Structures are given as structure tokens and as C-alpha cells.
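The values are calculated or read from the model by the stated rules, or taken from the named source; none is laboratory data. Being a predicted model, the structure only gives us computed values, none of them experimental. Neighbour counts run over all protein chains shown; Cβ positions are idealised from the backbone, glycine included. Areas reflect the complete protein model, heavy atoms only, side chains present, ligands, DNA and RNA absent. Shrake-Rupley method; radii C 1.70, N 1.55, O 1.52, S 1.80 Å.
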Amino acid sequence: GFGKYKLQPEAYEKAAYYLQLKPEECMMVACHSFDLDAAKAVGFRTALVHRPLEWGGDAPQIGAAPDPEAYDVVADDFIGLSEALA
């Protein structure tokens, strides 16, 4: 481990460092806006993948819905993400 955790800028910066990439060469893929926003703040590109059944079929969503306009790629699933990145 890095000794740093998601949402701390150092977690993303260290990941890029160990991958030998610049932050803008990395992409955070997540279904939660807080993960994506933290990665974006250090320069990562971002991909929002929806998980409509994350909380169960009839359960209300917890937290604010992500703003799809805020991210580089938005997909309904990982197949859609793959197609968007092709």
C-alpha cells in the first residue's frame, strides 16, 4: 500500500508515479462522484460508470447523483466504457 487512501491527493499522485505516468495520462474509473472529483483535482481524466443496482433494485440512491457533464467519459456499463475509449 501507499499509506495514503482515496480522496487524499497523494494516493492518486503516488499511483501515477509508480505507473511512471503523468496524472493527465491516468484515468480514474468509478461510480461515485467523490472518487472521480478527487482524482480530477490532481489532473486525472475521469470516467463515470453507472451502477443503477448498487443499492438494490428499489433502494434510494445514497448521496448526490453524479453530474455526467463533469467527467470525460460517461458509460452505462464497462462494455460502454470500452466502446467509448476505443
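Of the candidates A30, A11, A47, A38, the single residue that is among the hydrophobic types (A, V, I, L, M, F, W, C), more than 25 Å from I79 (Cα to Cα) and surrounded by 14 or more Cβ atoms within 10 Å (Cβ to Cβ) is A11. Considering (1) touching a helix residue (DSSP H, G or I) at 6+ places or on another chain (Cβ under 9 Å); (2) modelled with pLDDT under 95; (3) part of a helix (DSSP H, G or I), the lone condition that D35 does not fulfil carries the number (1). Candidates are the residues of region 49-73 that are modelled with pLDDT under 95 and not in a loop (DSSP other than H, G, I, E, B); the one that is nearest to A15 (Cα to Cα) is V49.
Which ones in region 14-27 are among the hydrophobic types (A, V, I, L, M, F, W, C) and either open to solvent by 90 Å² or more (accessible area, probe 1.4 Å) or in contact with a Cys (Cβ under 9 Å, 6 or more places away or on another chain) (or both)? Answer for region 14-27, where residues must be among the hydrophobic types (A, V, I, L, M, F, W, C) and either open to solvent by 90 Å² or more (accessible area, probe 1.4 Å) or in contact with a Cys (Cβ under 9 Å, 6 or more places away or on another chain) (or both): A15, A16, L19.
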